[in-house]
Amino acid sequence: MTQPSAKALVPFVSVDNMMRLVNHIGIERALTDLASYIVEDFHRWERFDKTPRVANHSEVGVIELMPTSDGEAYGFKYVNGHPKNTSEGLQTVTAFGLLADVYTGYPVLLTEMTILTALRTAAMSAVVAKYLAPKKSDTMAIIGNGAQSEFQSLAMKAIIGLKTVRLYDKDFSASQKCARNLVNSGLNVVICNSPEEAIQGAHIITTCTADKQNATILSENMVGSGVHINAIGGDCPGKTELARGILSRARIFVEYAPQTRVEGEIQQMPKNHPVTEFWRVITGSEPGRQDSRQTTLFDGVGFAIEDFSALRYIRDQVHVTPYHVNLDMLADPDDPRDLYGMLVRSSA
Ligand code: NAD
C-alpha cells in the first residue's frame, strides 16, 4: 500500500496531548501566550472575514460552527453548549477545531478545543480586564464555578495580577471543587454563601453560569459604580445572566456586534443600543475605561477570531513540541487526477 506523503499528513492534538502540552508550557504561561496571540489578531481585525456563528438550536442546547479567515489561514471551531449535560456526567461545552491553508485548502491542524476553549475564553477575559477593569484591580467575584472557573481565575492572576477570587455557585460542591483546584495557585480563594457576599469588595465580577433561560445572576442594585463586569455565561438566544437595568447604565463592550446582538446580554436591549467592539479599544480608536466611577461590561459570547488565535498558537507549538500525532486524513494519489486508480491499486 502507498504511504501518504508528509504534505498530506495533518497534525492532530488529542485531549491527552493538549493536557501534556499545557502542562509542559505551564498554564499561566500558556494563558499569557494565548492572550498575546489574541491581541495580535484583534489589531488586524479588519483583515478577517467575519460572520456570526452558525447555530443549530434544540430544546436542550446548541451546536455551533465558528469560521473565519485572515486570507492566509482559515479556521473553524465546532462547539456545543448543553447546560443539562453536567447532571448526566457530561461537559456543558465540548469543542474541536481545524486550521487550513487558504492557498491549497489543505488542513494544517486538527485539534481538540474543549480545553483550548477554556484557555482562550479565560485569556480573552483577562485581556479585556486589562483595558477595562479599574486600575490595580486585585479581587474578582466569580459566580458559576464550573469548568471555566479555574481558567478564568488563573488568567486574571497571570495577566492582570489578580490576588483574590471570591466564589459563589448555587451548587456548593462546584465552589469546593474550584477552591480545591486553586489551592496551590497563589490566589487567595474565598467561598461565599450568596452572590451578594461574593461581590463584596470585588473590582471585577465574572458571571459564568450555565442555564438555558433569562436568569438574573446580578440584579441592578447589586452592582455599584466603578466595577468591571465580565459576563460570559449568557451566550445564546434566551440565555442571559444580567438584569436589564445593569445594561442601561453600563458602558458595554462586545466582540462582534452582529453576533452579540443575537446571543449576548444585549439581546434584552433595542437593536440600536450603543456598544463598542473591543478591537477598537485595542487599536486605540475608542477609549477603554474613562473614569473610576464608570461601570464597564464585557458582554462576551466568544467569537471565531479568538479561536483562530488559539488555533494559530497550537499550530506554532506543534512545530516545536512532540505533543501531536500525524493523521492520514487527505487522499494523496501520485497523479492528483487518479483518485480512482489509487482506490483500485489499494485492493491489490
Ligand atoms: P458548567 O456547567 O461546567 O458550570 C456552570 C456552573 O454554573 C455550574 O457549577 C452551575 O451550578 C452554576 N450555576 C448555574 N446557575 C447558577 C445560578 N443561578 N447561580 C449560581 N451558579 C449557577 O459550565 P462552564 O463550562 O463553566 O460554562 C459556563 C457558561 O459559560 C456556559 O453557559 C457556557 O456556555 C459559557 N461559555 C462561554 C464562553 C464564551 O466565550 N463567552 C466560553 C465557554 C463557555
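The values are calculated or read from the model by the stated rules, or taken from the named source; none is laboratory data. None of these values were measured; they are calculated from a predicted model. Because the Cβ atoms are built from the backbone with ideal geometry, glycine has one as well, and the counts that use them run over all protein chains shown. These area figures cover heavy atoms from the full protein model, side chains too; ligands, DNA and RNA do not enter into them. Shrake-Rupley method; radii C 1.70, N 1.55, O 1.52, S 1.80 Å.
Using only the alpha carbons of the range 1-91, determine the length spanned along each of the three principal axes and report them from longest to shortest in whole angstroms.
Extents along the principal axes: 43, 41, 39 Å.
So what are the three principal axis dimensions of the range 97-168 from its Cα atoms, in whole Å, longest to shortest?
48, 25, 15
Can you give me the % of accessible surface on the range 5-103 that is carbon or sulfur? Probe 1.4 Å, all protein chains present, nothing else counted. Walk me through the intermediate numbers first.
Values: 2840 of 5100 Å².
After summing per-atom areas, the C and S share lands at 56 percent.
With θ taken as phi - 60° and the coefficients 6.51, -1.76 and 1.60, list the Karplus ³J(HN,Hα) couplings across the range 259-271 in order, rounded to whole Hz; mark glycine and proline as x.
7, 5, 5, 8, 10, x, 4, 6, 4, 7, 9, x, 4
Using all alpha carbons of the range 32-134, what is the percent of pairwise distances in each 10 Å bin, ordered from the shortest bin to the longest?
14, 37, 36, 13, 1
Tell me, rounded to the nearest percent, the portion of alpha carbon pairs in the chain spaced more than 35 Å apart.
23 percent
Once phi is turned into θ = phi - 60°, what whole-Hz ³J(HN,Hα) does the Karplus curve with 6.51, -1.76 and 1.60 give for every residue of the range 104-115, x standing for Gly and Pro?
9, x, 7, x, 10, 6, 10, 8, 4, 9, 6, 5
Enumerate the calculated ³J(HN,Hα) couplings along the range 83-90 in order (Karplus 6.51 cos²θ - 1.76 cosθ + 1.60, θ = phi - 60°), each rounded to whole Hz, writing x wherever the residue is Gly or Pro.
Per residue, the Karplus-derived 3J(HN,Hα) values read x, 6, 4, 4, 5, 9, x, 10 Hz.
For the range 297-348, state the semi-axes of the equivalent ellipsoid (square roots of 5 times the eigenvalues of the alpha-carbon gyration tensor), sorted largest first and rounded to whole angstrom. Let's see the in-between values first.
Numbers: eigenvalues 302, 54, 16 Å².
After scaling each eigenvalue by five and taking roots: 39, 16, 9 Å.
Let me check I have the definition right: for the range 152-260, take the eigenvalues of the Cα gyration tensor, multiply each by 5, take square roots. What are those semi-axes in whole Å, largest first?
Values: eigenvalues 110, 50, 43 Å².
Each semi-axis is √(5λ); the values are 24, 16, 15 Å.
With a 1.4 Å probe and all protein chains left in place, how much accessible area per residue does the chain have, in Å²? Present the calculation step by step, with values, prior to reporting the outcome.
Values: 15760 Å² over 348 residues.
It amounts to 45 Å² per residue over the chain.
Given a 1.4 Å probe and the protein chains all in place, what does the accessible area of Ser347 round to, in Å² to the nearest 10?
Rounded to the nearest 10, the figure is 100 Å².
Please report Rg (one decimal) and Dmax (integer) in Å for the Cα set of the range 80-200.
Rg and Dmax of the range 80-200, Cα atoms, are 16.7, 55 Å.
As an exercise, identify the GluC sites (Glu not before Pro) in the range 1-64 lying in DSSP coil whose Cβ has no more than 12 other Cβ atoms within 10 Å. Write down the numbers at each step before the final one.
On the way: sites: Glu28, Glu40, Glu46, Glu59, Glu64; in loops: Glu59.
Taking the range 1-64 and a limit of 12 other Cβ atoms within 10 Å, the loop GluC sites (Glu not before Pro) found are Glu59.
Along the charge dipole of the chain, Cβ charges K/R +1 and D/E -1, which of Ser292, Ser175, Thr321 sits furthest on the positive end?
Ser292
Highest mean first, what order results for 204-213, 163-172 on Cβ atoms within 10 Å?
Numbers: 204-213: 22.2, 163-172: 19.4.
Output ranking for 204-213, 163-172: 204-213, 163-172.
Scan the range 1-108 for trypsin sites (Lys or Arg not before Pro) in coil per DSSP, keeping those whose Cβ has at most 15 other Cβ atoms within 10 Å, and list them by number.
Answer by residue number: Arg44.
For q values of 0.26 Å⁻¹, compute log₁₀ I(q)/I(0) with the Debye formula on a Cα-only model of the range 177-230, without solvent.
Here the Debye-derived log intensity ratios amount to -1.22.
Given the alpha-carbon gyration tensor of the range 145-196, what are the semi-axes of its equivalent ellipsoid in whole angstrom, ordered largest first, with each equal to the square root of 5 times an eigenvalue? Walk me through the intermediate numbers first.
Values: eigenvalues 63, 24, 19 Å².
One finds semi-axes of 18, 11, 10 Å for the range 145-196.
Let me have the relative contact order for the chain, percent, based on Cα pairs under 8 Å that are six or more residues apart.
Working: 710 pairs, mean separation 73.3, N = 348.
Contact order relative to length: 21 percent.
Along each principal axis of its Cα atoms, how long is the range 225-319 end to end? Whole angstroms, biggest number first, please.
49, 32, 21
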